[in-house]
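The values are calculated or read from the model by the stated rules, or taken from the named source; none is laboratory data. Please read all numbers here as calculations on a predicted model, not as lab measurements. Positions of Cβ are backbone-derived with ideal geometry, glycine not excepted, and every protein chain shown enters the neighbour counts.
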């Protein structure tokens, strides 16, 4: 049997975790006090302003409990507001505050550099092949 640390999926998981740690460290270095997950949620709300909390959770690959905690922190730290949905009594609408918008604007200028640094020395063809491979894996797993 192959040693677990030599498997493709172990290496993939290690890569994702390492990138998340790098991304978080870069945000901290640049003076931001939000997490990668908080940034993802703010961006998702910006991109999908009418998304429900469940839809946000699906888009950022988080469970409902995690999303609830993260959203509560974003509201507490004044990055986000929550209001009742006008037509669905049990749903909320989320809106970025000026602080949230400013943070997203600033980070969205820096994030391409973070990604560029993480991918340094990688040929664009390799990135395309890797993206294709990951999409195949996702589709294979959804079929089972």
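Here are a few things to note about the model shown:
- The stretch 82-103 - residue that is free of Cβ contacts under 8 Å to residues at least 60 places away in the same chain and part of a helix (DSSP H, G or I) and, of those, surrounded by the most Cβ atoms within 10 Å (Cβ to Cβ): 100
- Residue within the stretch 32-51 that is under 26 Å from residue 138 (Cα atoms), without any contact (Cβ under 8 Å) to a residue 40 or more places away in the chain, out of contact with any helix residue (DSSP H, G or I) (no Cβ under 8 Å at 6 or more places or on another chain) and part of a helix (DSSP H, G or I) present: yes
- Matching residues, the stretch 18-31, being surrounded by 12 or more Cβ atoms within 10 Å (Cβ to Cβ) and not in a helix (DSSP H, G or I): 30
- Selection count, the stretch 124-141, where residues are farther than 19 Å from residue 40 by Cβ and either in contact with a helix residue (DSSP H, G or I) (Cβ under 9 Å, 6 or more places away or on another chain) or surrounded by 11 or more Cβ atoms within 10 Å (Cβ to Cβ) (or both): 6
- So residue 138, is it closer than 21 Å to residue 48 by Cβ and in a helix (DSSP H, G or I): yes
- In the stretch 104-120 there is at least one residue that is surrounded by fewer than 16 Cβ atoms within 10 Å (Cβ to Cβ), touching a residue at least 60 places away in the same chain (Cβ under 8 Å) and in contact with a helix residue (DSSP H, G or I) (Cβ under 6 Å, 6 or more places away or on another chain).
Per-residue answers, yes or no, for (1) more than 24 Å from residue 31 (Cα to Cα); (2) out of contact with any helix residue (DSSP H, G or I) (no Cβ under 7 Å at 6 or more places or on another chain):
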| site | (1), (2) |
| --- | --- |
| 56 | yes, no |
| 70 | no, no |
| 90 | yes, yes |
| 101 | no, yes |
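- Residue within the stretch 33-48 that is surrounded by 14 or more Cβ atoms within 10 Å (Cβ to Cβ), more than 25 Å from residue 119 (Cα to Cα) and either at pLDDT 95 or above or within 13 Å of the chain's Cα centre (by Cα) (or both) present: yes
- Residue list for the stretch 52-81, restricted to those being assigned to a loop (DSSP other than H, G, I, E, B) and touching a residue at least 24 places away in the same chain (Cβ under 8 Å): 52, 62, 77, 79
- The test for being out of contact with any helix residue (DSSP H, G or I) (no Cβ under 7 Å at 6 or more places or on another chain) and either exposed (fewer than 12 other Cβ atoms within 10 Å of the Cβ) or at negative phi (or both) does not hold for residue 78.
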